[in-house]
Amino acid sequence: MSAQGQPVIILKEGTERSTGKDARGSNIMAARIVSEAVKTSLGPKGMDKMLVDSFGDVTITNDGATMLKEMDVQHPAAKMMVEVSKTQDDEVGDGTTSVVILTGELLGNAAELMEKKVHPTVIIDGYRQAEEKALEILEEIAEKVKPKDKKVLKKVAMTTMASKLISGYRDHLSDVAVGAVLQIAEEGNGGYKVDLDMIKIEKKPGGSMTDTSLINGLIIDKEIVHDGMPKLVKEAKIGLLNAAMEIEKTEFDAKISIETPEQMQAYLDQEEQMLRDMVSKVKEAGINVLLCQKGIDDMVQHFLSREGILAARRLKKSDMEALAKATGAKIVSSVDQLNSDDAGYAASVEEKKISDDKMIFVEGCKNPKAVSILIRGGTERVVDEANRSIHDALCVVKDVVEEPKIVAGGGAPEIEVARLLRDYAEKLVGRERLAVNAFADALEVIPTTLAENSGMDPIDAISEMQSEHAKGKKWIGVDGFKNVVSEMTKLDVYEPMVVKAQFIKSATEASTMLLRIDDMIAVSKMRAPAGPPGGGMGGMPGGMPGGMPPMM
């Protein structure tokens with residue numbers, strides 16, 4: 001209020017504002033609701049979610065990032081949870097459900113501390129300390145492995161797929177994922193780098209999940225341009241062309257004066273000869289498979305098929321780059337530059353019909369740095385979920401190849417980190433130790449949820465794990481299949497250390513950011529302008545706003 005008792009209006013009419021406790025309470029509540037929604041899908045016995053969008057398209061999944069992306073959340077704090085899972089997915093590709101559950105739990109524990117009059121800033125500082133210490137502990141307890149150890153990589157891929165819809169086929173799919181990553185891993189700077197964009201995934205419903213295969217080369221979703229061309233070329237010499245096999249139209253206005261039919265014929269013959277020359281250049285270069293990023297003239301298609309050259313046109317730029325990496329060919333920008341040195345090699349190039357579509361398979365490349373995975377499955381939904389699962393498997397294998405450290409799964413590392421964090425909290429003075437303890441408690445939500453989803457008693461399971469860990473058995477966790485607490489290394493349940501590290505970092509960042517907010521100002525949406533439609537004033541049918549009777 002001003003001195004004269006007049007109200008001072010700062011915010012626009014219709015703006016909602018909540019401050020302090022209310023703002024924090026609302027954010028924490030929203031974040032926890034999102035976390036509760038995905039909780040039931042954690043672990044091998046986790047449930048799946050069916051999501052139906054506004055167009056009626058159905059997605060069935062238990063991949064955390066996918067669930068949250070498909071849910072249309074409105075609350076700003078809930079949107080942050082979606083971002084957290086997306087970051088986790090982009091960075092390491094797995095642990096997207098866990099990170100959301102941990103964020104919700106960290107916020108819930110913080111809310112309890114605030115009830116006890118612990119200031120949010122103190123909690124934030126405590127969480128930061130706990131995060132730093134947790135990452136140190138994780139480094140210490142992780143086990144080093146060889147980056148190209150196929151057995152270890154397969155165990156890691158099997159673990160990430162155990163909780164997916166397609167877990168019954170995980171043995172076969174893990175082999176595919178490990179084979180793909182090891183094929184494209186490139187050495188450098190004392191380690192390996194993996195560019196997952198070089199693994200091209202093609203999905204085709206039909207067939208069985210066991211028909212999913214790794215192609216040592218590429219699948220191109222295009223047809224051969226002319227029926228007369230061979231459908232299969234063995235020992236292919238591949239030319240990659242980034243130019244049109246057509247006669248260019250002139251950029252400027254030009255007139256050609258043709259006065260007699262003979263001249264007309266000569267002009268057409270000349271044009272045909274130019275097109276013939278293009279094809280003979282391809283032939284001279286010894287190329288028997290021509291893949292073109294732009295168009296190929298009908299006449300050229302005819303000549304190429306006569307020469308027995310297989311050709312495809314209008315390939316995507318990304319396909320051309322991947323083909324160059326897979327076959328060793330160089331992309332040239334004019335027909336004149338085609339030569340046998342720049343041509344790539346593949347043992348076979350074949351057009352195959354997969355379900356209803358024809359596709360070109362470039363297979364048997366010598367040491368391809370780009371490969372394809374063809375996913376098959378009974379229905380569209382199954383193929384989509386298999387795609388998401390293979391994406392996760394590729395990501396975790398990549399994580400271990402790039403950073404060869406692993407931890408056991410089943411909630412074991414969380415219990416161990418929480419135990420050592422509590423020991424660390426004992427040495428602290430002040431209220432930060434409360435926050436560090438709250439952080440340790442929050443970490444245990446992962447094994448608790450795993451036990452709960454498996455149908456075990458969570459309290460019994462946690463206390464049993466804690467007592468085993470206290471005896472020095474650091475890899476005791478929840479066996480979700482047998483519903484018992486057991487040694488995870490004997491079950492070959494392993495996860496990349498980077499996934500756990502990223503999940504702690506992301507959850508801490510998101511929860512501390514939400515705890516910092518003590519004021520929420522939401523501007524209401526603009527109202528629609530008054531007037532027609534409806535005929536009445538103010539948009540109300542037959543009258544003014546407020547329901548006044550229509551004037552006669």
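The values are calculated or read from the model by the stated rules, or taken from the named source; none is laboratory data. The structure presented is a predicted model; accordingly, all values stated were derived computationally and were not measured. Cβ atoms come from the backbone with ideal geometry, glycine included; neighbour counts cover every protein chain shown.
Residue check: is Val145 closer than 30 Å to Lys316 by Cα and not small (Gly, Ala, Ser)? Reasoning before the result, please.
Numbers: closer than 30 Å to Lys316 by Cα: no; not small (Gly, Ala, Ser): yes.
For Val145, the condition - closer than 30 Å to Lys316 by Cα and not small (Gly, Ala, Ser) - is not met.
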Quick one: Asp195 ticks every box in (1) crowded, with 22+ Cβ neighbours inside 10 Å; (2) touching a helix residue (DSSP H, G or I) at 6+ places or on another chain (Cβ under 9 Å) except a single one, so which number is it? (1)
Filter segment 150-204 down to the residues that are acidic (Asp, Glu) and either in the same structural domain as Phe481 (by TED's automatic domain parsing) or not in a helix (DSSP H, G or I) (or both), then identify the one that is farthest from the chain's Cα centre (by Cα). Glu187
Confirm whether Pro261 is touching a residue at least 40 places away in the same chain (Cβ under 8 Å), assigned by TED's automatic domain parsing to the domain that holds Lys358 and out of contact with any Ser or Thr (no Cβ under 8 Å at 6 or more places or on another chain). no
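Sort through Leu421, Leu443, Leu394, Leu434 and tell me the only one that's touching a residue at least 40 places away in the same chain (Cβ under 8 Å) and either hydroxyl-bearing (Ser, Thr, Tyr) or not assigned by TED's automatic domain parsing to the domain that holds Ile60 (or both).
So the residue among Leu421, Leu443, Leu394, Leu434 that is touching a residue at least 40 places away in the same chain (Cβ under 8 Å) and either hydroxyl-bearing (Ser, Thr, Tyr) or not assigned by TED's automatic domain parsing to the domain that holds Ile60 (or both) is Leu394.
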Residue match in segment 382-389 (condition: surrounded by fewer than 24 Cβ atoms within 10 Å (Cβ to Cβ) and either assigned to a loop (DSSP other than H, G, I, E, B) or touching a Leu at 6+ places or on another chain (Cβ under 6 Å) (or both)): yes
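Residues being part of a helix (DSSP H, G or I) and touching a strand residue (DSSP E or B) at 6+ places or on another chain (Cβ under 7 Å): count how many of those fall in segment 302-318.
Taking segment 302-318 as the starting set, the residues that turn out to be part of a helix (DSSP H, G or I) are 302-306, 317-318.
Cutting the leftovers down to touching a strand residue (DSSP E or B) at 6+ places or on another chain (Cβ under 7 Å) gives us 304.
The qualifying residues number 1.
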Can you list residue pairs whose Cβ atoms sit under 9 Å apart, with the first residue in segment 220-248 being closer than 16 Å to His302 by Cβ and the second being β-branched (Val, Ile, Thr) and in a loop (DSSP other than H, G, I, E, B)? Count only pairs 6 or more apart in sequence or on different chains. Met229/Ile309; Pro230/Ile224; Pro230/Ile309
For segment 447-484, give me each residue that is more than 23 Å from Leu421 (Cα to Cα) and either surrounded by 14 or more Cβ atoms within 10 Å (Cβ to Cβ) or not acidic (Asp, Glu) (or both). Glu452, Asn453, Ser454, Gly455, Met456, Asp479, Gly480, Phe481, Lys482, Asn483, Val484
Identify all residues within segment 192-210 that are closer than 19 Å to Ile220 by Cα and of a type in the set (Lys, Arg); write none if there are none. Lys200, Lys203, Lys204
Kindly check whether there is at least one residue in segment 244-260 that is surrounded by 15 or more Cβ atoms within 10 Å (Cβ to Cβ), within 27 Å of Gly328 (Cβ to Cβ), at pLDDT 85 or above and within 40 Å of the chain's Cα centre (by Cα). yes
For the subset of segment 5-35 comprising residues that are touching a Lys or Arg at 6+ places or on another chain (Cβ under 9 Å) and assigned to a loop (DSSP other than H, G, I, E, B), which member is modelled with the lowest pLDDT? Gly14
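Considering only segment 319-379, give the strands (runs of 3 or more DSSP E) lying wholly within it that have at least 1 residues that are surrounded by fewer than 18 Cβ atoms within 10 Å (Cβ to Cβ), touching a residue at least 60 places away in the same chain (Cβ under 8 Å) and in contact with a Cys (Cβ under 8 Å, 6 or more places away or on another chain). Walk me through it before giving the result.
Working: elements: 344-354, 357-363, 371-377.
Result: 344-354.
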Of all residues in segment 172-202, how many are more than 25 Å from Lys353 (Cα to Cα), of a type outside the set (Asp, Glu) and in contact with an Asp or Glu (Cβ under 9 Å, 6 or more places away or on another chain)? 6
May I ask you to say which residue of Met274, Met299 is among the aliphatic types (A, V, I, L, M) and under 26 Å from Asp221 (Cβ atoms)? Met299
Of (1) assigned to a loop (DSSP other than H, G, I, E, B); (2) of a type in the set (D, E, K, R); (3) over 30 Å from Pro413 (Cα atoms); (4) within 21 Å of the chain's Cα centre (by Cα), Glu223 satisfies every one except (4)
Can you spot a residue in segment 266-281 that is over 23 Å from Lys366 (Cα atoms), polar (S, T, N, Q) and touching a residue at least 60 places away in the same chain (Cβ under 8 Å)? no
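I'd like to check something: does segment 126-140 contain any residue that is charged (D, E, K, R), touching a residue at least 24 places away in the same chain (Cβ under 8 Å) and either outside the structural domain of Met47 (by TED's automatic domain parsing) or part of a loop (DSSP other than H, G, I, E, B) (or both)? Don't jump to the end; show me each part of the working.
Filtering segment 126-140 for residues charged (D, E, K, R) gives 128, 131-133, 136, 139-140.
Now narrow it down to the ones that are touching a residue at least 24 places away in the same chain (Cβ under 8 Å): 128, 131, 133, 139.
Next, from what is left, pick out any that are either outside the structural domain of Met47 (by TED's automatic domain parsing) or part of a loop (DSSP other than H, G, I, E, B) (or both): none.
No: segment 126-140 contains no residue that is charged (D, E, K, R), touching a residue at least 24 places away in the same chain (Cβ under 8 Å) and either outside the structural domain of Met47 (by TED's automatic domain parsing) or part of a loop (DSSP other than H, G, I, E, B) (or both).
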Just for segment 485-519: of the residues that are crowded, with 22+ Cβ neighbours inside 10 Å and in a loop (DSSP other than H, G, I, E, B), which one is nearest to the chain's Cα centre (by Cα)? Val493
Suppose the filter is touching a Phe, Trp or Tyr at 6+ places or on another chain (Cβ under 6 Å), of a type in the set (A, V, I, L, M, F, W, C), surrounded by 15 or more Cβ atoms within 10 Å (Cβ to Cβ) and not in a strand (DSSP E or B); does Val279 pass it? yes
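Residues Ile137, Ile101, Ile123: which one is out of contact with any His (no Cβ under 9 Å at 6 or more places or on another chain) and farther than 18 Å from Gly25 by Cα? Can you show your working first?
Details: Ile101 fails: farther than 18 Å from Gly25 by Cα; Ile123 fails: farther than 18 Å from Gly25 by Cα.
Just a single option satisfies the conditions, and that option is Ile137.
Among the residues of segment 65-116, which ones are of a type in the set (Val, Ile, Thr) and part of a helix (DSSP H, G or I)? Please lay out each step first, then the result.
Applying the first criterion (of a type in the set (Val, Ile, Thr)) to segment 65-116 yields 66, 73, 82, 84, 87, 92, 96-97, 99-101, 103.
Of everything in segment 65-116, those that are of a type in the set (Val, Ile, Thr) and part of a helix (DSSP H, G or I) turn out to be Thr66, Val82, Val84, Thr87, Thr96, Thr97, Val99, Val100, Ile101, Thr103.
If you check Gly46 against the conditions, is it on the phi > 0 side of the Ramachandran plot and crowded, with 19+ Cβ neighbours inside 10 Å? Full working, then the answer.
Working: on the phi > 0 side of the Ramachandran plot: no; crowded, with 19+ Cβ neighbours inside 10 Å: yes.
Judged against the criteria, Gly46 is not a match.
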